[in-house]
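Undergrad: Provided herewith is a single structure, encoded as structure tokens, for subsequent inquiry.
The values are calculated or read from the model by the stated rules, or taken from the named source; none is laboratory data. Just so we're clear, the structure is a prediction, and the values are computed from it rather than from any experiment. Here Cβ is always computed from backbone atoms with ideal geometry, including for glycine, and neighbour counts include all displayed protein chains. Just so you know, the surface numbers come from the protein's heavy atoms only, side chains and all, with ligands and any DNA or RNA stripped out. Shrake-Rupley method; radii C 1.70, N 1.55, O 1.52, S 1.80 Å.
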Amino acid sequence: TQDYDFRALERKWAPVWDELRLFDSSVPGDTRPRKYVLDMFPYPSGDLHMGHAEQYALGDAAARFWRHRGFNVLHPIGWDSFGLPAENAAIKNGGDPRDWTYANIAQQRESMRRYGVSFDWDRVIHTSDPEYYRWNQWLFLKMYEEGLAYRKFSDVNWCPNDQTVLANEQVVDGHCERCGAVVTKKKLNQWYFKITDYADRLLDDLNQLEGHWPAKVLTMQRNWIGRSLGADVDFEIEGRDEKVTVFTTRPDTLYGATFMVVAPESDLAAELAADASAATRERFASYLDEVRSLDSIARQSTERPKTGLFLERYAVNPLNGERLPVWAADYVLADYGHGAIMAVPAHDQRDLDFARAFDLPVRVVVDTTQPVTGVIPVIPEDGSLPEFEDLHPSVTGEALTGEGRLTNSGPLDGLSKRNAITRAIEILEERGTGRPAKNYRLRDWLISRQRYWGTPIPILHGADGVEVPVPEDQLPVLLPDAEGLDLRPRGTSPLGGDAAWMAATDPTTGAPMQRDADTMDTFVDSSWYFLRFLSPKDDTQAFDPAEAEKWAPIDQYIGGVEHAILHLLYARFITKVLYDLGYVTFSEPFSALLNQGMVIMDGTKMSKSKGNVVKLSEELETYGVDAVRLTMMFASPPEDDVDWADVSVAGSVKFLARAWRVANDVTSEPGADVQRGDLALRRQVHRFLSEVGPLASSFKFNVVIAKLMELTNAVRKAIDSGPGAGDPAVREAAEAITVVLDLFAPYTAEDMWEKLGHEPGVALVKWPEPVPSLLREEQAKAVVQVNGKVRDVLQVSPSIGDGELEKLARESANVVRAIGDKEIVKVIVRAPKLVNFAVKG
Ligand code: ANZ
């Protein structure tokens, strides 16, 4: 007998597959129904690693499954090839980011081909190709026309020592990650996409995805958008003409407001401080410097001691006319709500911490000691809780945030929190000093990058500040060569250093203009790439709407949970924009989403610093592609992490060899009359088939593989000590194993298919259907009696439980008739054989 030699199989079949073009999804006249299975496309950072191996093994199992089920499956691949690592490599080693990028793409492409993934290689895209990024520019222009792209000055993190803009992740505790200098803010004029216009739809449409996306991802999206409902309340400031508006989710607590806080870097704080005493002016200036170096998360943390200062002014509570001192404090953010709050220390923890730090009054206005349905207690005017002294927030330090009844609140007294919110808003509206309001955590999408390796923004700037979009027929605005450009980050785009490139002319007047030197965030590239795969070579449009109609939205999207928020949110946003513009007929791009787990080592993430990185290339060398793929899918359900320390890749090789030998040993001819095959083995094969279909369509691939192993052992036994290698049931079993194995181990399966006497191309072989009669034979007969008299006989599974059997019995029409309107007094169930209803009346 021959030996299982995975190296030989890989060498043999890869070129055959190339030639057969089995995964071509655009054959004219193909009438198969369609499915679009998409793996998140990779960033070309070096060769493929174990994480890729997990992701593509999973996506490919899904794609292959649907192909076996008779679908024309679109399973494309491309590269997300703009971005910082290429630029940093060029800064470090010299050269052009292009060289690094395209060399890595070539390597990854070869590795993927070797990995046997069933991609349609005719649809490859690279986002750094002008043929691709010109459509980013087109999209930008559409957004600009719609008023969805705009420019404004905004703060960036700036390291004054390195003269560099820093990403949020590069700021550690307010200091530059590299040199330790205190990070400051710098104002730059930058481009934004107005995603906030779509906040409600992005939130509400998540309901459609319920059950089809991981619940965790839906929650993360919801939290990121962060809609809160409440009220805007206008406060007069003594000695100032204009009122100040605050956003609150708790207008019910207005009578408990004891001070007001404004964000230190707001215009209002600057204005009020300017009118204060010299000492306060000075303290304010140094406080502002301190605040600028902190990020918003640290600022709002309840852990950090509260800081702030009194601005020597008073606001007036619009409901009770009380004077509230106005403070500046950094726990209030300038860019949320209105950058000012009414502080209710009894019922808000941060306000309470602040009040306790600066000795400000705390007044309880919601009595949370009384259940909402309970008696309304009388609490004195000053808001103290005499009977519950030790529960008072100023004593406990714990704000009362729970349910309760309003007290000390004039017209709101006695109402529940919820009713008081509604009533307070009504009163504010009657008096014209407040109204219902909505706020979102979501901010507009900052797309400007002061970096080289990205899509140039297709806007021209005149000396007079005028902005002119580059006409569509002049796209793409090509990225110049990197040669001669200083790519080091310094807060302005490297493109600005290329005077020849920067010089442009106004398309209508011919007047000299300057190009926009910024490039786009690479999340723009990936916000619509799934549409480009539909007509990747079309040089007349971004994508063909007719093809989108045929294929999209994506039936199954597969990728890492690290993209749970931004990438998915941006892709959903751009899809909605394209929907509104009439380019697509769907408003959610990804009908179903699966997040694969990580590949870890000894319970922890693989990382260079820990020295526990397993090299994919070495695993492939040692065990072969199929064993690595099979191991990935066998180790756990796809959402769970795979601990590479716990798996046995060698065990996978052994199993593959066993399966392969079974195919080798079959001696009957293809098409042998299975009717004459061994009945016990046939039953086992068809039970296997009835189980693996549903398992595979719900991605329970680990269980499918366990069943494959079971059946393989059974056939081995049938060959060695049962009906023998020539029995047609053995062939039937071997063919079933081969087709199902193709999901995980395509090289081995292809070779088995050949050994079984078939033409190459197992990937397109129809999934064998279970024969019902072979399943039914195994069913048990359950007798159903009413008062001892047989009323029905049910065919049931021998493993049925009592509960399930009783349910079936109750649904039987004969039984229903026999019972009529009599009362069931007792039910005896002996699954799978008997149900007896004792009835009376
Ligand atoms: C009074 C109040 C009383 C509040 C109370 C809460 C509890 P979310 O849910 O996150 O939207 N707030 C408003 N603007 C703010 C800003 N710029 N920086 C920091 N905090 C701000 O939170 C809304 C609540 O956060 C608002 O409701 C306000 O405090 C505070 F018992 O108003 B609240």
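Undergrad: Asp359 passes all but one of (1) open to solvent by 40 Å² or more (accessible area, probe 1.4 Å); (2) near the ligand (Cβ under 7 Å from one of its atoms); which number fails?
TA: (2)
Undergrad: Restricting to region 19-78, what's the tally of residues that are farther than 19 Å from Asp742 by Cβ and over 28 Å from the mean Cα position of the chain (by Cα)?
TA: 6
Undergrad: Looking at (1) assigned to a loop (DSSP other than H, G, I, E, B); (2) open to solvent by less than 10 Å² (accessible area, probe 1.4 Å), which one does Glu750 not meet, given that it meets all the others?
TA: The failed condition is (1).
Undergrad: Scan region 91-116 for residues that are open to solvent by less than 10 Å² (accessible area, probe 1.4 Å) and on the phi < 0 side of the Ramachandran plot and report the count. Spell out how you get there, then give the answer.
TA: Within region 91-116, the subset open to solvent by less than 10 Å² (accessible area, probe 1.4 Å) is 97, 101, 105, 108, 112, 115-116.
With on the phi < 0 side of the Ramachandran plot added as a condition, the list becomes 97, 101, 105, 108, 112, 115.
Count: 6.
Undergrad: Would you pick out the residues in region 1-18 that are acidic (Asp, Glu) and either modelled with pLDDT of 95 or more or in contact with an Asp or Glu (Cβ under 7 Å, 6 or more places away or on another chain) (or both)?
TA: Correct list: Asp5, Glu10.
Undergrad: Which fully enclosed helices (runs of 4 or more DSSP H) of region 606-713 have 3 or more residues being modelled with pLDDT of 95 or more, small (Gly, Ala, Ser) and more than 17 Å from Thr738 (Cβ to Cβ)?
TA: Numbers: elements: 616-623, 625-634, 649-665, 679-697.
So the answer is none; nothing clears 3.
Table: residues versus (1) within 28 Å of the chain's Cα centre (by Cα); (2) in contact (Cβ under 8 Å) with a residue 60 or more places away in the chain; (3) farther than 30 Å from Glu562 by Cα.
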site: Tyr623; (1), (2), (3): no, yes, no
site: Leu630; (1), (2), (3): yes, yes, no
site: Ala635; (1), (2), (3): yes, yes, no
site: Ser652; (1), (2), (3): no, no, no
site: Asp673; (1), (2), (3): no, no, yes
site: Gly677; (1), (2), (3): no, no, yes
site: Leu708; (1), (2), (3): no, no, yes
site: Ala714; (1), (2), (3): no, no, yes
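Undergrad: Quick one: is Gly51 in a loop (DSSP other than H, G, I, E, B) and out of contact with any Pro (no Cβ under 6 Å at 6 or more places or on another chain)? Outline the logic, then answer.
TA: Values: in a loop (DSSP other than H, G, I, E, B): no; out of contact with any Pro (no Cβ under 6 Å at 6 or more places or on another chain): yes.
In short, no.
Undergrad: Filter region 663-703 for residues that are among the hydroxyl-bearing types (Ser, Thr, Tyr) and crowded, with 17+ Cβ neighbours inside 10 Å and give the result.
TA: So in region 663-703, the residues among the hydroxyl-bearing types (Ser, Thr, Tyr) come out as 667-668, 690, 697-698.
The answer is Ser668, and nothing else.
Undergrad: Condition first: closer than 30 Å to Val642 by Cα and without any contact (Cβ under 8 Å) to a residue 40 or more places away in the chain. Now tell me which residues in region 571-611 satisfy that. Even if it seems obvious, please write down each step before you answer.
TA: Taking region 571-611 first, the residues closer than 30 Å to Val642 by Cα are 571-572, 589-611.
Thr604, Lys605, Ser607, Lys608, Ser609, Lys610, Gly611 - these are the residues of region 571-611 that are closer than 30 Å to Val642 by Cα and without any contact (Cβ under 8 Å) to a residue 40 or more places away in the chain.
Undergrad: Any residue in region 475-497 that is acidic (Asp, Glu) and part of a loop (DSSP other than H, G, I, E, B) sitting within a Cβ distance under 6 Å of a residue that is modelled with pLDDT under 95 and open to solvent by 10 Å² or more (accessible area, probe 1.4 Å)? List the pairs, counting only those 6 or more apart or interchain.
TA: Going by the 6 Å Cβ cut-off, the qualifying pairs are Asp486/Gly497.
Undergrad: Could you please give the count of residues in region 37-48 that are open to solvent by 20 Å² or more (accessible area, probe 1.4 Å) and of a type in the set (D, E, K, R)?
TA: 1
Undergrad: Still on this structure: Of all residues being without any contact (Cβ under 8 Å) to a residue 24 or more places away in the chain and assigned to a helix (DSSP H, G or I) in region 208-219, which is farthest from the ligand (Cβ to nearest atom)? Just the residue, please. Walk me through how you get there before you give the answer.
TA: To start, the set of residues in region 208-219 that are without any contact (Cβ under 8 Å) to a residue 24 or more places away in the chain comprises 210-211, 215, 218-219.
Going one step further and asking which of them are assigned to a helix (DSSP H, G or I), we end up with 215, 218-219.
Numbers: Ala215: 22, Leu218: 19, Thr219: 16 Å.
Among those that are without any contact (Cβ under 8 Å) to a residue 24 or more places away in the chain and assigned to a helix (DSSP H, G or I), it is Ala215.
Undergrad: Kindly establish whether Glu87 is surrounded by 22 or more Cβ atoms within 10 Å (Cβ to Cβ), modelled with pLDDT under 95 and either among the acidic types (Asp, Glu) or within 20 Å of the chain's Cα centre (by Cα) (or both).
TA: On the way: surrounded by 22 or more Cβ atoms within 10 Å (Cβ to Cβ): yes; modelled with pLDDT under 95: yes; either among the acidic types (Asp, Glu) or within 20 Å of the chain's Cα centre (by Cα) (or both): yes.
Against the criterion (surrounded by 22 or more Cβ atoms within 10 Å (Cβ to Cβ), modelled with pLDDT under 95 and either among the acidic types (Asp, Glu) or within 20 Å of the chain's Cα centre (by Cα) (or both)), Glu87 qualifies.
Undergrad: Select from region 586-605 the residues that are crowded, with 18+ Cβ neighbours inside 10 Å, part of a strand (DSSP E or B) and not aliphatic (A, V, I, L, M) and list them in ascending order.
TA: The answer is Phe590, Asn595.
Undergrad: Kindly evaluate Asp539 against the criterion of being surrounded by fewer than 16 Cβ atoms within 10 Å (Cβ to Cβ), closer than 30 Å to Asp30 by Cα and modelled with pLDDT of 95 or more. Full working, then the answer.
TA: Numbers: surrounded by fewer than 16 Cβ atoms within 10 Å (Cβ to Cβ): yes; closer than 30 Å to Asp30 by Cα: yes; modelled with pLDDT of 95 or more: yes.
Against the criterion (surrounded by fewer than 16 Cβ atoms within 10 Å (Cβ to Cβ), closer than 30 Å to Asp30 by Cα and modelled with pLDDT of 95 or more), Asp539 qualifies.
Undergrad: Oh, and also: State yes or no: is Arg731 over 22 Å from Ala763 (Cβ atoms), open to solvent by 10 Å² or more (accessible area, probe 1.4 Å) and in contact (Cβ under 8 Å) with a residue 40 or more places away in the chain? Don't jump to the end; show me each part of the working.
TA: Values: over 22 Å from Ala763 (Cβ atoms): no; open to solvent by 10 Å² or more (accessible area, probe 1.4 Å): yes; in contact (Cβ under 8 Å) with a residue 40 or more places away in the chain: yes.
No.
Undergrad: Another question, then. Taking region 1-36 only, how many residues are outside any loop (DSSP other than H, G, I, E, B), open to solvent by 70 Å² or more (accessible area, probe 1.4 Å) and either of a type in the set (S, T, N, Q) or under 29 Å from Ala725 (Cα atoms) (or both)?
TA: Step one: of region 1-36, the residues outside any loop (DSSP other than H, G, I, E, B) are 6-20, 34-36.
Still in the running and open to solvent by 70 Å² or more (accessible area, probe 1.4 Å): 7, 11-12, 18-20, 34.
With either of a type in the set (S, T, N, Q) or under 29 Å from Ala725 (Cα atoms) (or both) added as a condition, the list becomes 7, 11-12.
Here the count works out to 3.
Undergrad: Considering only residues that are free of Cβ contacts under 8 Å to residues at least 40 places away in the same chain and of a type outside the set (S, T, N, Q), which ones fall in region 28-51? Outline the logic, then answer.
TA: Of region 28-51, the ones free of Cβ contacts under 8 Å to residues at least 40 places away in the same chain are 28-29, 31, 33.
Listed by number, the residues that qualify are Pro28, Gly29, Pro33.
Undergrad: Just to be sure before I move on: is Gly46 outside any loop (DSSP other than H, G, I, E, B) and within 26 Å of Pro85 (Cβ to Cβ) in the structure I sent? Spell out how you get there, then give the answer.
TA: Details: outside any loop (DSSP other than H, G, I, E, B): no; within 26 Å of Pro85 (Cβ to Cβ): yes.
Spelling it out, it is not the case that Gly46 is outside any loop (DSSP other than H, G, I, E, B) and within 26 Å of Pro85 (Cβ to Cβ).
Undergrad: I'd like the full set of residues that are touching a helix residue (DSSP H, G or I) at 6+ places or on another chain (Cβ under 7 Å), open to solvent by 10 Å² or more (accessible area, probe 1.4 Å) and more than 7 Å from the ligand (Cβ to nearest atom), limited to region 313-349.
TA: Scanning region 313-349 gives Arg313, Pro318, Leu319, Asn320.
Undergrad: Being of a type in the set (Asp, Glu), closer than 30 Å to Asn157 by Cα and surrounded by 18 or more Cβ atoms within 10 Å (Cβ to Cβ): is that true of Asp516 here? Break it down into steps so the answer makes sense when it comes.
TA: Values: of a type in the set (Asp, Glu): yes; closer than 30 Å to Asn157 by Cα: yes; surrounded by 18 or more Cβ atoms within 10 Å (Cβ to Cβ): yes.
It is true that Asp516 is of a type in the set (Asp, Glu), closer than 30 Å to Asn157 by Cα and surrounded by 18 or more Cβ atoms within 10 Å (Cβ to Cβ).
Undergrad: Within region 61-79, is even one residue open to solvent by less than 10 Å² (accessible area, probe 1.4 Å), in contact with a His (Cβ under 8 Å, 6 or more places away or on another chain) and of a type in the set (S, T, N, Q)?
TA: No, region 61-79 contains no residue that is open to solvent by less than 10 Å² (accessible area, probe 1.4 Å), in contact with a His (Cβ under 8 Å, 6 or more places away or on another chain) and of a type in the set (S, T, N, Q).
Undergrad: Now, a different point. Quick check on my filter: what residues within region 403-451 are touching a strand residue (DSSP E or B) at 6+ places or on another chain (Cβ under 7 Å), away from the ligand (no atom under 13 Å from the Cβ) and farther than 29 Å from Ala334 by Cβ?
TA: Within region 403-451, Arg405, Thr407, Leu412, Asp413, Gly414, Leu415, Ser416 qualify.
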